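None of the figures in this text is laboratory data; all of them are computed from the coordinates on show. This is a predicted model, so every value here is computed, not measured. Cβ sites come from the backbone with ideal geometry, for glycine too, and all protein chains shown count toward neighbours.
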Protein chains: 2
Amino acid sequence: MKKNKSAEEKIKEAARLVFTQKGYAATRTRDIAEASGVNLALLNYYFKSKENLFDIVMLENIKVFSQSVLAILNNPGTTFFEKIEILVGHYIDMMIENPEMPIFFLSELKGNPKKLFSKIDHRSKFKESIMVQQWKELIKTNKRSAFNPQHIILNTISMIIFPFIANPMIRNRTGMSQEEFNTMMLERKKLVPVWIINMIQNN
Amino acid sequence: MKKNKSAEEKIKEAARLVFTQKGYAATRTRDIAEASGVNLALLNYYFKSKENLFDIVMLENIKVFSQSVLAILNNPGTTFFEKIEILVGHYIDMMIENPEMPIFFLSELKGNPKKLFSKIDHRSKFKESIMVQQWKELIKTNKRSAFNPQHIILNTISMIIFPFIANPMIRNRTGMSQEEFNTMMLERKKLVPVWIINMIQNN
DNA sequence: GTCTATATACGGATAGAC
DNA sequence: GTCTATCCGTATATAGAC
């Protein structure tokens, strides 16, 4: 607790970055030490092991992310369809800022299905959210067949996240620059909600 | 070249499996040797290094996959919309058989953008395919605005592949079994083409 | 071609000086 | 708290017998 920006914080910062870029196994603690500008031994002084550091950083990530999404779901001032637009925009903005995040997250989770998940389970908070209430209201008043919304949710998330996962491949095959890719993704902030709402209404 | 099923082939078989399950960095050559039932030293005898073995196996994978897709694209006996259905079914069946494949493929590619891609570039074959011809015919006769089909292609692939990438997370959060997940994916063989065709026609 | 034994390198972690 | 030096396990790769 000496420097103004504590070494501990600098390590976490760097770890977040390097882990997401290279994945857990391919990351060397030396990489993190180097990237954060602190000595390798400090890393084990503050966090006792690589694995421990990983868990801590990831839990923080997930927490921050969940909070931001739940805040949108529980905003009483927006309609169901407005929430879709806001969520889509929120996700896309977030991915543009952290392009490596989704693929990293999903590939690491395959290995540790239990550890990270068990700690933070927001399923109940999601089910009790205002957005879910609004959805129930919607299918009631519209007398629509009780369509299984899982497909719709899945489609939404798919159309948002997958392009970022496939980013390197897309750029390679189309010859797009990163700039052009981002522009395309920003276009989708308007397009995805339209597609989704069509799916719901043609259901 | 002694055994009926050559050791070389057994190693490649096992390597394909272990690499896709654990990723390149987390895979130990010992794992591969063990899984294939051959001695560790043999692995370096046939393929001189872990990296080399990886490249060989992956190139084969990509080749097989590309061939199967191009065959569908170039079938003159099916219409454009039939091809969509067939492609969707083909992809989903393939993913159900090899559930680890997409996430592995995409996460490894992020590291080596160049090597694997440069070898096999089917972009021109794709552009000259019958399916692309049929698409051009379609937008001409329908007098539709020359809609950028990139979004549509991206959406299709997203809705097919992403669920498999997110499989562990989906099962965790919904409590679904692998069986139920697969059933859901089979449902999508019919649903995805409908959604896509709607997108094209509402365009 | 296939094995055992081993060289060699690398990476996580710690001891101990400051 | 921060550094240098080092230990030690593990993983790739090879030498050499059969």
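Treating the point 7 Å from Cα along Cα-beta-carbon as the label, what are the nm separations from residue A:111 to the other copies, to one decimal?
Computed spacing set for this position: 1.0 nm.
How large is the helix-only mean residue ellipticity at 222 nm for the protein assembly as shown, computed as the sum of -39500 (n - 2.57) over DSSP H runs with n ≥ 4, divided by its residue count, in deg cm²/dmol to the nearest 500?
Numbers: 24 runs with 312 residues, N = 406.
Value at 222 nm, helices only, nearest 500: -24500 deg cm²/dmol.
For the protein assembly as shown, state what percent of all Cα-Cα pairs lands in each successive 10 Å bin, counting from 0 Å until the bin that includes the largest distance.
For the protein assembly as shown, the binned pair fractions read 4, 19, 29, 26, 16, 6, 1, 0 percent.
If the label for residue B:138 sits 7 angstrom from Cα along the Cα-to-Cβ line, what are its distances to the same label in every other copy, in nm to one decimal, shortest first?
Output for residue B:138: 2.7 nm, nearest copy listed first.
Suppose every Lys and Arg Cβ carries +1 and every Asp and Glu Cβ carries -1, with no other charges. What dipole size does the stretch A:56-201 come out with about its Cα centre, to the nearest 20 debye?
680
In the Gaussian network model of chain B, springs joining C-alpha atoms below 10 Å, which of B:49, B:68, B:118 carries the largest mean-square fluctuation?
B:118
Would you mind checking A:110/B:50; B:50/B:125; B:48/B:127; A:83/A:125 for any pair whose Cα atoms are more than 26 angstrom apart?
Flagged as over cut-off: B:50/B:125; B:48/B:127.
I need two numbers for the stretch B:56-201: Rg to one decimal and Dmax as a whole number, Cα atoms only, in Å.
In order Rg, Dmax, the Cα atoms of the stretch B:56-201 give 16.6, 48 Å.
Report, ordered by chain and residue number, the aspartates and glutamates lying within cross-link reach of residue B:189, taken as a straight Cα distance under 13 Å and ignoring same-chain residues fewer than 8 apart.
Reachable aspartates and glutamates: B:82, B:85, B:93.
I need the calculated FRET efficiency for the pair residue A:191 and residue A:74, taking r as the beta carbon distance and R₀ as 30 Å, to the nearest 0.05. Mind dumping the intermediate values first?
On the way: r = 26 Å, r/R0 = 0.86.
E(calc), rounded to 0.05, equals 0.70.
Taking the Cβ-Cβ separation of residue B:130 and residue A:136 as r and a Förster radius of 41 Å, what is the calculated FRET efficiency to the nearest 0.05? Please report the intermediate quantities before stating the final value.
Values: r = 46 Å, r/R0 = 1.13.
It comes out at approximately 0.35.
Could you compute the net charge surrounding residue B:31? Neighbours are other residues with a C-beta less than 11 Å from the C-beta of residue B:31; K and R count +1, D and E count -1. Display every interim value, and only then the final one.
Numbers: positive: B:22, B:28, B:30, B:50; negative: B:34.
Here the charged neighbours net out to +3.
Note down the relative contact order for chain A as a percent, whole number, built from C-alpha pairs under 8 angstrom at least six residues apart. Please report the intermediate quantities before stating the final value.
Working: 129 pairs, mean separation 45.1, N = 203.
Contact order relative to length: 22 percent.
Other chains near B:166-174: what is the mean number of their Cβ atoms within 10 Å of each residue's Cβ?
Working: counts 10, 3, 7, 7, 4, 1, 8, 5, 2.
Average per residue, whole number: 5.
Label the stretch A:1-48 by shape, choosing from rounded, prolate and oblate, from the square roots a ≥ b ≥ c of the eigenvalues of the Cα gyration tensor; if a/c is under 1.5 it is rounded, and otherwise prolate applies when a/b is larger than b/c, oblate when it is not.
Note, shape of the stretch A:1-48 comes out prolate.
Using a basic spin-label model with each label point 7 Å from the Cα along Cα→Cβ, how many nm lie between residue A:180 and residue A:153?
Calculated label separation equals 3.7 nm.
Across the residues of A:103-111, average count of Cβ atoms on other protein chains within 10 Å? Could you put the intermediate results ahead of the total?
Numbers: counts 6, 2, 2, 10, 8, 2, 7, 12, 5.
Per-residue shielding by partner chains comes out at 6.
Please name which of B:96, B:139, B:62 has its Cα lying farthest along the dipole of the stretch B:56-201 towards the positive end, using unit charges on Cβ (Lys, Arg +1; Asp, Glu -1) and the Cα centre as origin.
B:139
Taking trypsin sites (Lys or Arg not before Pro) as exposed when DSSP calls them loop (any state but H, G, I, E, B) and at most 13 other Cβ atoms lie within 10 Å, what is the longest stretch of chain A free of them, the sites themselves excluded? List each step's numbers first, then the result.
Working: sites that count: A:2, A:3, A:5, A:28, A:48, A:114, A:143, A:144.
Longest stretch, sites excluded: A:49-113.
Mean shadow of the stretch B:37-114, computed from the convex hull of its alpha carbons, in nm²? Show your work: numbers first, answer last.
Numbers: hull surface 29.2 nm².
Computed as one quarter of the Cα hull surface, the answer is 7.3 nm².
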